[in-house]
1. If you check Phe263, Phe268, which single one turns out to be more than 16 Å from the ligand (Cβ to nearest atom), surrounded by 15 or more Cβ atoms within 10 Å (Cβ to Cβ), aromatic (Phe, Trp, Tyr) and assigned to a loop (DSSP other than H, G, I, E, B)?
2. Which of the residues belonging to the range 362-396 are of a type in the set (A, V, I, L, M, F, W, C) and in contact with a strand residue (DSSP E or B) (Cβ under 6 Å, 6 or more places away or on another chain)?
3. Just checking, how many residues over the range 94-107 are in contact (Cβ under 8 Å) with a residue 60 or more places away in the chain, more than 10 Å from the ligand (Cβ to nearest atom) and touching a Ser or Thr at 6+ places or on another chain (Cβ under 9 Å)?
4. Kindly indicate which of Leu335, Leu322 is closer than 30 Å to Asp173 by Cβ and not in a loop (DSSP other than H, G, I, E, B).
5. Taking the range 6-21 as the region of interest, how many residues are out of contact with any Leu (no Cβ under 8 Å at 6 or more places or on another chain), part of a helix (DSSP H, G or I) and surrounded by 14 or more Cβ atoms within 10 Å (Cβ to Cβ)?
6. From the list Tyr293, Tyr313, Tyr341, exactly one residue is within 20 Å of the chain's Cα centre (by Cα) and among the aromatic types (Phe, Trp, Tyr). Which is it?
7. Residues of the range 110-164 being more than 16 Å from the ligand (Cβ to nearest atom) and over 22 Å from Leu6 (Cα atoms), which ones?
8. Can Ile406 be described as among the hydrophobic types (A, V, I, L, M, F, W, C), farther than 17 Å from Tyr313 by Cα and away from the ligand (no atom under 16 Å from the Cβ)?
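The values are calculated or read from the model by the stated rules, or taken from the named source; none is laboratory data. Keep in mind it's a predicted model, so treat the numbers as computed, not measured. Don't worry about glycine lacking a Cβ; one is built from the backbone with ideal geometry, like all the others, and counts go over all protein chains shown.
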Amino acid sequence: MKDALLRKLHSHDAKIGVVGLGYVGLPLLIEFAKAGFPVLGFDTDSQKNAKLKRGESYIRHIDPARIQTVFNPSAPDPRRADATSDFSRAAECDAILICVPTPLTEHRDPDLSFIEATGKALGPHIRKGQLIVLESTTYPGTTDEILAPILEQACGLKAGHDFFMAFSPEREDPNNAQFRTATIPKVVGGMNPDSLAVAQALYDQVITRTVPVSSCRAAEATKLVENIFRCVNIALVNELKIVFTEMGIDIWEVINAASTKPFGFMPFYPGPGLGGHCIPIDPFYLTWKARQYGVVTKFIELAGEINTSMPKYVVHRAMEALNQHGKALKGSRTLLVGLAYKKNVDDDRESPTYILWKELLRHGAQVDYFDPFCPVVRPSREHADLAGMRSQTWDGIAAARYDMAIVSTAHDQVDHNALAGMVDLVVDTRGACAPAPNVIKA
Ligand SMILES: NC(=O)c1ccc[n+]([C@@H]2O[C@H](COP(=O)([O-])OP(=O)(O)OC[C@H]3O[C@@H](n4cnc5c(N)ncnc54)[C@H](O)[C@@H]3O)[C@@H](O)[C@H]2O)c1
């Protein structure tokens, strides 16, 4: 069984299924297709499947040309590349990679409902000799304790024995010009040695370097460590920003100077809070799991507290700065510059700009936003009240005569220095603006 799958992987004849065709799953599917593997994407969003088959992209930084080379809309060959919501087609695949969302619930507990739903949908169609790899970020134990039993129950086969199971965390950094899916080393943990061997062989075909670890749990933990490291360090520089601001010291200048140390220092930059699908969320997967072991994750909790307090700090600084200009925040015309959670992407999930926005509204400000990457606020459970709001245009900013602009995300294509000439006051949370009399850092 193992040798048969290895042969198919080495010859690139194995059909690769990818479940969840989002920021992570779509580039992965493209990578396997580029290497000559037949690919089959699964997404519950049938509009995404249809778009892919038409050669269209729904993720800004993924060029439609890349999708067209895979799906070839002018002469489609569904045996080479297809996208579907029909999970019974899982039986066609030799390996299936699961890249579905892992958010938090309203009570900030892990929400594994997408993984569970995927397990239930795939389960009845799993067959002997297949490899199933979970890639979604999650707490240690999810692959062994949650996903494997769901699949086993549905298909009546034994994970690790009849079919192979592994966990391999995704390290995708959307729009990173230096690294892409194929060049980011990939950590792989298997449920048993055979599972590890086939999973490693799979990724070896498309990824420059795979890093085997002893178990699925070790691989799950690796991903959490990486993101907790970021979360805690960002909290640290956010705290230092508050201290240095009181001392009249520019934290960005200090970090840039410290970065010249060739060893033992790695720069992290402060901001208006934490955003994105990973850093604000993943650490709490470990916090939740640690509670089952009677362990408290104090560092993570503290980092979370500091990071979530940042939007309030920024609004407080903005209020003080307006006051200096003889104005109140209440009734002020305020522009938020940058809605995406980080620069140069169109991803607004968990963006701290939304928290700033709500905080400003709570204080009675009139709020608009400007973001060339996010022209309209998409409907979401968290920000239903803001859905449909449209970005201000660049030309409209000067004409609108805002009392204040708050730079919350600093896209490279935005001329932040010009802002100071277009609005009365700029509150810069990203260190994006050159010093000017009407620019304050916050
Ligand atoms: N976005 C990143 O930069 C990044 C980086 C590293 C890891 N991750 C992790 O990767 C996972 C996926 O994140 P993402 O950013 O790609 O999410 P995403 O929301 O961009 O994509 C998820 C896709 O899964 C689909 N989906 C939802 N439920 C499904 C189901 N039951 N069956 C099939 N498809 C389903 C959605 O329609 C969507 O297209 C998460 O665990 C995340 O933490 C994300």
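1. Result: Phe268 is the single residue among Phe263, Phe268 that is more than 16 Å from the ligand (Cβ to nearest atom), surrounded by 15 or more Cβ atoms within 10 Å (Cβ to Cβ), aromatic (Phe, Trp, Tyr) and assigned to a loop (DSSP other than H, G, I, E, B).
2. Ala365, Val367, Phe370, Val376
3. Residues in the range 94-107 being in contact (Cβ under 8 Å) with a residue 60 or more places away in the chain, more than 10 Å from the ligand (Cβ to nearest atom) and touching a Ser or Thr at 6+ places or on another chain (Cβ under 9 Å): 1 in total.
4. None of the other options fit; the residue is Leu335.
5. 2
6. Tyr341
7. Selection gives Asp144, Glu145, Pro149, Glu152, Gln153, Cys155, Gly156.
8. Criteria not met by Ile406.
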